Amino acid sequence: MQANTIGRVKNVRLSASKPLSPLFEAIVNSIDAIEERGELQGQIMVSVSRDDDLPGMKEDSMAPCSGIRSD
């Protein structure tokens, strides 16, 4: 059985007030999977990519996030 993952992702509607909900959900699912396997030292790695700093940005501000990935 094959799933149209790209189509499913495109159809997901995110709340503007909770943009990180999918990340939290993925982390909770990862924790559950580690516990189910009986791992004592499981590891979850998440990488956040940011765009290059824009001209005129303040030093204490961060460039927009361009992607989140788990390894």
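Each value in this text was obtained by applying a stated rule to the coordinates, not by laboratory testing. Predicted model only: the values in this text are computed from it and were never measured. Note: ideal-geometry Cβ built from the backbone for every residue, glycine included; neighbour counts use all protein chains shown.
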Check: Tell me, what HN-Hα J-couplings in whole Hz come from the Karplus equation 6.51 cos²θ - 1.76 cosθ + 1.60 at θ = phi - 60° for each residue of the stretch 22-28, using x for Gly and Pro?
Finding: x, 5, 4, 4, 5, 5, 4
Notebook entry, point to check: What ranking do 39-52, 22-35 get when scored by the average of other Cβ atoms within 10 Å per residue, highest first?
Noted result: 22-35, 39-52
